[in-house]
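The values are calculated or read from the model by the stated rules, or taken from the named source; none is laboratory data. Quick caveat: nothing in here was measured; it's all calculated off a predicted structure. Glycine also receives a Cβ, built like all others from the backbone with ideal geometry; neighbour counts cover every protein chain displayed. Please note that ligands, DNA and RNA were not included when accessible areas were found on the heavy atoms of the full protein model with its side chains. Shrake-Rupley method; radii C 1.70, N 1.55, O 1.52, S 1.80 Å.
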Amino acid sequence: MDDLAYMRMALAEARAAAEKGEVPVGCVISLEDRVVACAGNETISACDPSAHAEIVALRAAAKTIGNYRLSGATVYVTVEPCAMCAGAMIQARIARLVYGCDDPKGGAVQSCFEIFSHPALNHRVEVLGGVLANECARAMQAFFALRR
């Protein structure tokens, strides 16, 4: 599969999260051309502020492969990760991040912070942003429009 196919899977996870009343963020993690984890936000249902889609997926991927280091893995997420999620990706040694739309209010890859490019870090994450950005942004906008 290619980046677009994985991002479409992440969008499906985001839509499923929205149907449960969660903020529509979806995440898919691939390793060696296979999906090792999929998740949507679970912060409300789990009553857990750390249950962002990325964190839930990172935990599941680590259990799936039996290692907390996810070297070589790619994370696909519909919205630019926050500082917590970006930090977790560094700790997991994620090789690549592909995300949909920017998060101007809390994105930690390029919008508000640039965590991955800090010179003191000993791990680098390759980043590709803007994949299906309009579709990802529309999912977020539609969700919040219903709540205003």
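Charge dipole of the stretch 94-148 (Cα centre as origin; +1 on each Lys and Arg Cβ, -1 on each Asp and Glu Cβ, all else neutral): 220 debye, rounded to the nearest 20. Indicate, rounded to the nearest 5 percent, the antiparallel portion of the DSSP beta bridges found entirely in the chain. Of those bridges, close to 55 percent are antiparallel. With respect to the chain, whose longest principal axis is taken over its alpha-carbon atoms, helix 83-92 is tilted by about 30°. What the Kirkwood sum gives for the chain is a hydrodynamic radius of 14.9 Å, with every pair of different alpha carbons counted. Annotation: amide H of VAL36 within the under-5 Å range of ILE29, SER30, LEU31, sequence separation 5 or more or interchain, hydrogens built in the peptide plane. In the chain, the portion of solvent-accessible area held by carbon and sulfur atoms comes to 53 percent [1.4 Å probe, whole percent, DNA, RNA and ligands not counted]. Computed on the chain, with alpha-carbon pairs under 8 angstrom and 6+ residues apart, the relative contact order is 20 percent. Compared with the dominant principal axis of the Cα atoms in the chain, helix 53-65 is inclined by about 40°.
Axis of helix 133-145 versus longest Cα principal axis of the chain: the two differ by about 40°, to the nearest ten degrees. Neighbours of SER30 by Cβ distance under 12 Å: Lys/Arg scored +1, Asp/Glu scored -1, total -2. Candidates PRO119, TYR99, MET89 compared by Cα position along the dipole of the chain: farthest toward the positive end lies MET89, with charges placed on Cβ.
Computed over protein heavy atoms with a 1.4 Å probe, the accessible surface of the stretch 1-136 works out to 47 Å² per residue. Taking packing as the residue-averaged number of other Cβ atoms within 10 angstrom, the listed peptides 97-110, 76-89, 119-132, 37-50 run from highest to lowest as 76-89, 97-110, 37-50, 119-132.
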